[in-house]
Amino acid sequence: MLDNALMLLRAITWLPVSSPELSPLLLDWLLEENSMTKRFECHCQKVTVAPQREAYISAADIGDEGRLLPQESRYWLREVVLLGDGIPWLAARTIVPQSTLAGPEIALRELGTRPLGSYLFSSAELTRDFIEPGTLAPLWGRRSRLRLSGKPLLLTELFLPAAPLYLNLSSEGTD
Ligand code: PHB
């Protein structure tokens, strides 16, 4: 199941923020700029990270997303599932060009069960080039290109069916 969730990340269709399908409530989740782990913590007792894969991959393995990153011979791949009280809420894939791992960012290779956000949001040097919403009907996702001290990484996230994002969406517009 968790493997499948990560495969789904590659099937997301990316949408402009102005897309009429994106309600204000949905955008409020998808364009969240702070830590998603922290946001999830408001909806459960405990958020945990289940790493599925942490490994170097080649340029040929990253597919389409390569267009959004500098061309390099290898990239660090981190695939995790985030669980709220033990239930899968989010599948996430982070692709880090090897050159981004220079200096303190080498820590990105050693995260294990530590949430990525605990590293990103403790860095004074975090900037974001874009956040792009996406859908894999009926699910929602997003991808962001972030920079640490100017060095890029790409984070793609898919909100799984039990995620709190979906709790209020079904009542939207029905009054
Ligand atoms: C991660 O630890 O890789 C991670 C955590 C939370 C997210 C995305 C990725 O929202």
Worksheet entry | Gyration tensor verdict on the chain (Cα atoms; rounded if a/c is under 1.5, prolate if a/b is larger than b/c, oblate otherwise) | prolate
Discussion item. Ignoring everything except DSSP H segments at least 4 long, calculate the 222 nm mean residue ellipticity for the chain; use -39,500 (n - 2.57) per segment, divide by total residues, nearest 500.
Written reply: -3500 deg cm²/dmol
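Over all alpha-carbon pairs in region 1-48, figure out the percentage whose distance exceeds 15 Å. Don't jump to the answer; show the numbers that get you there.
Working: 721 of 1128 pairs.
It works out to 64 percent of all Cα pairs.
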Worksheet, complete the sentence: Computed D for region 1-82, Stokes-Einstein, Kirkwood radius over alpha-carbon pairs, 10 °C, 1.306 mPa s, to the nearest µm² per second, is 103
Item to complete: Describe numerically, in nm with one decimal, the distance between label points set 7 Å from Cα along Cα→Cβ at residue 149 and at residue 56.
Response: 2.0
Worksheet item: If each residue's Cβ is checked for other Cβ atoms within 10 Å, how do 151, 38, 46 rank with the fewest at the top?
Response: 46, 38, 151
Fill in: For region 135-144, 3J(HN,Hα) per residue [Karplus equation, 6.51 cos²θ - 1.76 cosθ + 1.60, θ = phi - 60°, Hz, x = Gly/Pro]
9, 9, 3, x, 9, 10, x, 6, 9, 9
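Of 94, 37, 127, 48, how do they rank once you tally other Cβ atoms within 10 Å and put the fewest first? Could you put the intermediate results ahead of the total?
Values: 94 22, 37 19, 127 12, 48 15.
Arranged by neighbour count, lowest to highest, 94, 37, 127, 48 become 127, 48, 37, 94.
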Worksheet entry | In order through region 8-19: 3J(HN,Hα) via Karplus (6.51 cos²θ - 1.76 cosθ + 1.60), integer Hz, x for Gly, Pro | 4, 3, 7, 9, 5, 9, 8, 10, x, 4, 7, 4
Practice prompt. Enumerate by residue number the GluC sites (Glu not before Pro) in region 1-73 meeting two conditions: DSSP loop (anything except H, G, I, E, B), and at most 12 other Cβ atoms within 10 Å of the site's Cβ.
Written response: 21, 33
Worksheet item: Which whole-angstrom value gives the distance between the alpha carbon centres of region 108-175 and region 45-87?
Response: 12
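Here, each number is a calculation from the coordinates, and none is a lab measurement. It should be emphasised that the depicted structure is a prediction, and the values quoted were computed from it without experimental measurement. Every residue, glycine as well, gets a Cβ built from its backbone with ideal geometry; the counts of neighbours run over all protein chains shown.
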